[in-house]
Structure formats: structure tokens, C-alpha cells
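A short write-up of the structure that comes next.
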């Protein structure tokens, strides 16, 4: 019995490590979402950007599902896909696009520093994760570090548009948790693909109204930003992200998002020539430490068999 438990423990650890790697790749893709959205909404209507990115990604998703001849989800899986679609296809994109028309991308990155903690809470509610006290302490310290970094580095004070970002955080967290749970039985890329296809009909009418009122005249840079959030942020990055959540657990892998603000700054350094200060490096080290502690903290997880029976 002890031998079997030992094998099971090693397998879970290996799965967790694989999940963290895929989670990092997903966050790497997400790290340019707010800057790209900020650029896009300078010329394009936020409603069109928020819904249009999902519609473009839905076309790609439908092609991928058709070419690979995926089976239709079960009724139970469709119910979970509704939550995923409301969270990460409709809720987060719309709310964040509206906020990015009113806030700097750096400010938005600070508010999104709450996402790992809220994702862990959503994982408890929707995915059955049961993190230890050590995990909650590490997660809270990491979130406070990210928020403190933003405030003390001059990212700005809280504004009314921050409420939209807070709601976006809640929407994304529950979309992540539900998708991570569903990916264990449906598959990572299949989850986001079916969610995109499910939400597509809802997006058409608002996009038509937005186009008639605001037009689609935009600079090449704005279109490039829109292309990024449509192809990478809304589609490709989710392949790795949901696979990582399924492998490593929603709460544990979700902590990788703590690195997202700093990855955004690194990208800004190479792409835009912005400065990275010693304070930034120090804050990043604290965040990495909190992720490392969270990785080693015990978390009880629901098995695939338990999910199927729910």
C-alpha cells in the first residue's frame, strides 16, 4: 500500500510540474493582452474589440474542431462551457477593453495582480481544490507584492474604471477554474474552442451595432493589437493554460499569473524601450518566491473520476 501511495505521490508531483510549465507558457501569451488591448481601443470601439476578438478566435476554433473531428460535448459539459464562455470569452474581454480605454496598461496589470488569489478561491468553489493554510499565505503575499509594486512604482491610484477590472478578474477567475476542471475530461484546447463557438452567436449583433455607430477605421498598429488579442490571448494561449490547469490544479498553476505583470514589463523593455528598475527586479523575486512556496504547499485535488460523477 505504501509503495502504491509513493508511486501516486510521484505521479502527482510530475503532473504538477508539467502543469506549471504549460501554465507559464499560457501566462507568457497573456502577458501582452492589456498593452495590445490598450493599443487596439485607441482607434476601435471597446465593445467591438472585446467581442470581436472572441468572434475571430471562434472562426479558428470551429476550423480546428472540424478538422480534428471532435465529438460534441455532453449536456453536463455544455453547462460548464457556458460558465467558461461567460467568464473568459464575454466577461473578461468586454470589461477589460472598456477599462483599457480609460486606464494605462500598467495600471491594469496591477489590478490583475489579484487574479491568482481570486482564481484560487474560484478553484475551491468550482474545481474542488483544497489548498493548505501555507498556500493561502503565499498567495496573499504574492498578490500584495504585485499590488504594492504597482502603487509604489507610480502605476496610479484606483479609479472608477478599476471596478470594471475587478469584475473582469472575477469573470476570468471563474472561467479559468471551470475550464481547468472541464479540461480534465474534455481536453484543454477543446474547452476554449467549444466555449468560443458557443459564444459566437451572442457576439454578432453587438458587433454590427458597434460597426454602424463607430466604423472600423483604425491604424495598422491598432489592428495588430486586435490581431494579437484575437489569435494569441483569446485562442492559442488558452491551449497551454487550460492544459496546465488540468495537469497541475487550478489553485497551484493559477499562481503563475503573479508573474504576468512583470512579464509585461519585460516585454515593454524589449519592445518599447521602457526601463526596468532594481525595485522591479526585487518585487519580481518576491513574487517568484511566493510561487515557489505555493508550488510546495499541499493541495487536495478532485480526481477525474470524481469530476465525471459530479
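Only the coordinates and a few stated rules stand behind these numbers; no lab work does. Not measured: the values here are computed from a predicted model. Every residue, glycine as well, gets a Cβ built from its backbone with ideal geometry; the counts of neighbours run over all protein chains shown.
Points worth noting:
- Over segment 142-229, the fraction of Cα-Cα pairs per 5 Å bin, rounded to whole percents and listed from the shortest bin up, is 3, 10, 9, 15, 18, 18, 14, 11, 3.
- Gap separating the Cα centres of segment 102-142 and segment 229-274, nearest whole Å: 14 Å
- Least to most buried among 60, 224, 115, 20 (fewest other Cβ within 10 Å first): 224, 60, 20, 115
- Stretchable slack from residue 277 to residue 227, in nm (0.36 nm times residue separation minus alpha-carbon distance): 14.9 nm
- Semi-axes of the equivalent ellipsoid for segment 36-76, Cα gyration tensor, largest first, Å: 30, 12, 7
- For the chain, the 222 nm mean residue ellipticity estimated from helices alone, with every DSSP H stretch of n ≥ 4 adding -39500 (n - 2.57) and the total spread over all residues, rounds to -24000 deg cm²/dmol.
- Gaussian network model of the chain, springs between alpha carbon atoms under 10 Å - residue of 71, 184, 247 with greatest fluctuation: 71
- Pair residue 266, residue 74: separation of 7 Å Cα→Cβ label points (nm): 4.0 nm
- For 207, 100, order by how many other beta-carbon atoms lie within 10 Å, fewest first: 207, 100
- For segment 212-290, the Kirkwood estimate of hydrodynamic radius, built from reciprocal distances between every pair of different alpha carbons, is 15.3 Å.
- Fewest-first ranking of 130, 69, using other Cβ atoms within 10 Å as the exposure measure: 69, 130
- Whole-number D in µm²/s for the chain (Stokes-Einstein; Kirkwood sum over Cα pairs; 25 °C, 0.890 mPa s): 126 µm²/s
- Normalised by 2.2 N^0.38 Å, where N is the number of residues, the alpha-carbon radius of gyration of segment 20-115 equals 1.23.
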